[in-house]
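The values are calculated or read from the model by the stated rules, or taken from the named source; none is laboratory data. Remember, it's a predicted structure, so these values are computed and weren't measured experimentally. Note that we place each Cβ from the backbone using ideal geometry, even for glycine, and neighbour counts take in every protein chain shown. Protein only, heavy atoms only, side chains kept; ligands, DNA and RNA dropped before computing areas. Shrake-Rupley method; radii C 1.70, N 1.55, O 1.52, S 1.80 Å.
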Amino acid sequence: MDQSHTSPITVTSPLLPDLDQFGHMLKEIWDSRWITNNGSFHKQLEKALAEYLKVPYISLFTNGTLPLITALQALRITGEVITTPYSFVATTHSLWWNGIKPVFVDIDPATGNIDPEKIEAAITPKTTAIMPVHVYGNPCDTERIQQIAEKYGLRVIYDAAHAFGVEVDGRSVLTAGDMSTLSFHATKVFNTVEGGALVTHDAKTKQRIDYLKNFGFENEISVVAPGINSKMDEIRSAYGLLNLRQVDHAITLRRNVALAYRNGLKDVPGVSFFKDLPGVRHNYSYFPIFIDADTYGMSRDTLYFKMKDHGVLSRRYFYPLITEFSTYSGLPTAIRENLPNAHRMADSVICLPMHHNLSEENLEKIISLIKQ
Ligand code: T4K
């Protein structure tokens with residue numbers, strides 16, 4: 001099902017389950033009349049995901065933003081949290097919704113992730129946690145972050161929205177820190193249309209998360225905490241079960257796309273990109289390139305709009321930086337001088353189309369547009 005060369009080439013395209021198989025599952029749901037609130041498919045998907053992702057406990061959510069908000073609630077995080085400006089805005093919004101002050105720390109240009117060596121200088125008596133992001137699925141330096149967290153008694157919540165299936169030396173990155181969150185949005189490697197999850201380390205914490213995502217209900221008559229409603233329904237759980245069966249194949253196809261881009265763009269002056277890291281199982285969730293305007297001979301934005309004019313709808317994830325949005329721009333750590341690497345990356349990035357359905361013809365078109 002390749003995209004036609006005449007229709008726009010979008011930055012991503014959702015992985016869709018087989019419609020007939022999905023129809024059978026819908027029939028089961030209809031027959032059971034159990035459509036949400038921890039039904040059979042929901043339970044099956046949690047079990048299957050925990051196995052696939054090699055994590056001890058996972059709780060499904062309606063999207064990837066509510067697990068961030070809920071993790072902060074569950075760990076009773078207050079005061080200040082150290083985070084990265086180079087992410088989707090939901091990362092920082094989750095802090096704001098909990099009345100927490102975000103403290104921005106610059107990134108490491110080698111990965112796009114928060115630079116652990118700059119974290120300690122940002123810690124104050126009010127700091128209670130660190131919220132790093134495995135941006136584009138590039139794993140953070142989780143060992144160094146953990147050392148710092150332990151030294152200062154801080155919690156670590158990873159926004160792992162991009163890191164589905166990412167492993168380092170055979171171990172899931174989702175096991176790092178106190179908790180990790182995932183997004184199963186349509187645009188992600190694995191999607192349940194909308195959806196997300198929270199990974200925890202022990203049964204007691206999972207239980208607490210499951211109460212919190214269901215209004216705080218412990219049983220029919222007891223509410224143990226001021227929870228929210230963020231439950232995944234049976235229809236999306238069934239869809240997720242089907243997509244899980246084909247996600248490995250989708251990641252292989254994405255890898256082929258990444259290899260083709262790397263091969264096609266390797267000799268283009270002024271264009272750079274990430275390489276695979278040793279020992280890492282990447283998921284190829286995005287393919288960002290970085291434009292050095294002087295060497296390339298054209299600005300990032302000129303190339304971006306040129307591609308758009310030719311029907312290639314790439315995206316500038318993550319430009320502008322979160323610190324440029326009015327809610328956050330007045331914060332002391334949002335100043336430009338504090339975040340030189342993040343600004344450089346935001347000002348030079350283009351995320352090229354990257355998905356399992358990208359045809360060779362379209363790949364060639366994209367590469368030749370960049371080469372021209
Ligand atoms: N943390 C991080 C680090 C995140 O990146 C995100 C979300 C979150 C937290 C929060 O997770 P969620 O609450 O969203 O689960 C998209 C997504 O909406 C968002 O999930 C994602 N990150 C962010 C990076 O990208 P947009 O506004 O750029 O998406 P949109 O609608 O412009 O779609 C992009 C392209 O994808 C379209 O041009 C075509 C294609 N597409 C999209 C949809 C929705 C399809 O082909 N079919 C579709 O159904 O935000």
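Using a 1.4 Å probe and counting only protein heavy atoms, arrange Ser368, Ser285 so the residue with the most accessible area comes first.
Values: Ser368 50, Ser285 10 Å².
The residues order as Ser368, Ser285, largest area first.
How many percent of all Cα-Cα pairs in the range 88-184 sit more than 20 Å apart? Provide the component values of the computation, followed by the final result.
Values: 1497 of 4656 pairs.
The proportion of pairs with Cα distances above 20 Å equals 32 percent.
Label-point separation (nm) for Gln147 and Phe325, each offset 7 Å from Cα along Cα-to-Cβ?
Each label point lies 7 Å from its Cα, and together they span 3.3 nm.
What ranking of Lys266, Lys204 comes out by heavy-atom accessible area, probe 1.4 Å, highest first? Write down the numbers at each step before the final one.
Numbers: Lys266 120, Lys204 170 Å².
Result of the area sort, largest leading: Lys204, Lys266.
Measure off 7 Å from each Cα along the Cα-to-Cβ vector at Lys43 and Ala186, then give the distance between these two points in nanometres to one decimal.
The answer from the label model is 3.2 nm.
Report the accessible area of Ile100, computed with a 1.4 Å probe over the heavy atoms of all protein chains in place, in Å² rounded to the nearest 10.
0 Å²
Could you run the Karplus curve 6.51 cos²θ - 1.76 cosθ + 1.60 with θ = phi - 60° over the range 126-141 and give me ³J(HN,Hα) per residue in whole Hz, x for Gly and Pro?
My calculation for the range 126-141 gives 8, 5, 10, 7, 10, 10, x, 10, 7, 5, 6, x, 6, x, 5, 7 Hz in order.
Just want to confirm a number: the relative contact order over the range 294-370, from Cα pairs under 8 angstrom separated by 6+ residues, in percent. Don't skip to the end; give the middle numbers.
Working: 49 pairs, mean separation 29.6, N = 77.
About 38 percent, as a whole number.
Rounded if a/c is under 1.5, else prolate if a/b is larger than b/c, else oblate: which is the range 232-331, with a ≥ b ≥ c the root eigenvalues of its Cα gyration tensor?
oblate
For the range 183-257, what is the Kirkwood estimate of the hydrodynamic radius, computed as the reciprocal of the mean inverse distance between distinct Cα atoms, to one decimal in Å?
Values: mean 1/r = 0.0705 Å⁻¹.
14.2 Å is the Kirkwood radius here.
Can you list, bin by bin at 10 Å, the percent of alpha carbon pairs in the range 1-160, starting at 0?
9, 29, 28, 20, 12, 2
What order, most packed first, do the peptides 221-228, 107-114, 242-249 have when packing is the mean number of other Cβ atoms within 10 Å of each residue? Each step should come with its number before you reach the end.
On the way: 221-228: 12.8, 107-114: 21.2, 242-249: 16.5.
By packing density, highest mean first, the sequence is 107-114, 242-249, 221-228.
Per residue, how much accessible area does the chain have with a 1.4 Å probe, in Å²? Please report the intermediate quantities before stating the final value.
Details: 16550 Å² over 372 residues.
Spelled out: the 1.4 Å probe surface of the chain, per residue, equals 44 Å².
Stokes-Einstein D for the range 115-156 at 20 °C, 1.002 mPa s, Kirkwood Rh over Cα pairs, in µm²/s?
Numbers: Rh = 10.7 Å.
Result for D is 200 µm²/s.
For the chain, what relative contact order do you get, as a whole percent, if you take Cα pairs closer than 8 Å and at least 6 residues apart? Before the final figure, lay out the partial values.
Numbers: 753 pairs, mean separation 87.8, N = 372.
Dividing the mean separation by the residue count of the chain yields 24 percent.
Where does the range 148-202 land on Rg(C-alpha)/(2.2 N^0.38 Å)?
Details: Rg = 12.5 Å, N = 55, 2.2 N^0.38 = 10.1 Å.
So the range 148-202 has a normalised radius of gyration of 1.24.
How big, in percent, is the set of alpha carbon pairs in the range 319-372 lying more than 17 Å apart?
Working: 781 of 1431 pairs.
Percent of Cα pairs beyond 17 Å in the range 319-372: 55.
Give the accessible area for Lys126 in Å² (nearest 10); use a 1.4 Å probe, count only protein heavy atoms, and leave out ligands, DNA and RNA.
Solvent-accessible area, nearest 10 Å²: 130 Å².
Leaving ligands, DNA and RNA out of it, report the carbon-plus-sulfur percent of the accessible area of the chain at a 1.4 Å probe.
Values: 8920 of 16550 Å².
Ligands and nucleic acids excluded, carbon and sulfur give 54 percent.
For Arg262, Arg344, Arg336, give the ranking by accessible area with the largest first, probe 1.4 Å.
Output order, biggest surface exposure first: Arg344, Arg336, Arg262.
Over all distinct Cα pairs, what is the inverse of the mean 1/r for the chain, reported as the Kirkwood hydrodynamic radius in Å? Before the final figure, lay out each step's value.
Details: mean 1/r = 0.0467 Å⁻¹.
Hydrodynamic radius (Kirkwood, Cα pairs) of the chain is 21.4 Å.
In a shell of Cβ-Cβ distance under 15 Å around Asp169, excluding Asp169 itself, what net charge do Lys and Arg (+1) and Asp and Glu (-1) give? It would help to have the intermediate numbers written out before the result.
On the way: positive: Lys54, Arg171, Arg281; negative: Asp141, Glu143, Glu167, Asp276.
Around Asp169, the surrounding residues sum to -1.
Under the rule a/c < 1.5 gives rounded, and otherwise a/b versus b/c splits prolate from oblate, where does the range 61-111 land using the Cα gyration tensor?
It is oblate, given that a/c is not under 1.5 and a/b is not larger than b/c.
Using the structure shown, list the pairs from Lys27/Lys213; Lys54/Lys231; Lys27/Lys188 with a Cα-Cα distance above 25 Å, or answer none. Write out the running numbers ahead of the final one.
Numbers: Lys27/Lys213 27 Å; Lys54/Lys231 22 Å; Lys27/Lys188 27 Å.
The pairs that break the limit, which is 25 Å between Cα atoms, are Lys27/Lys213; Lys27/Lys188.
With a 1.4 Å probe and all protein chains kept in place, how much accessible area does Ser40 have, in Å² rounded to the nearest 10?
Near enough 70 Å² of accessible area.
Starting at the first residue of the range 303-312, write each ³J(HN,Hα) from the Karplus equation 6.51 cos²θ - 1.76 cosθ + 1.60 with θ = phi - 60°, in whole Hz, x for Gly and Pro.
So the J values, rounded to whole Hz, are 5, 4, 6, 4, 4, 4, 4, 9, x, 9.
Restricting to the chain, compute how many DSSP beta bridges are antiparallel as a %, nearest 5. Please report the intermediate quantities before stating the final value.
Values: 25 of 41 bridges.
Counting DSSP beta bridges with both partners in the chain, the antiparallel share is about 60 percent.
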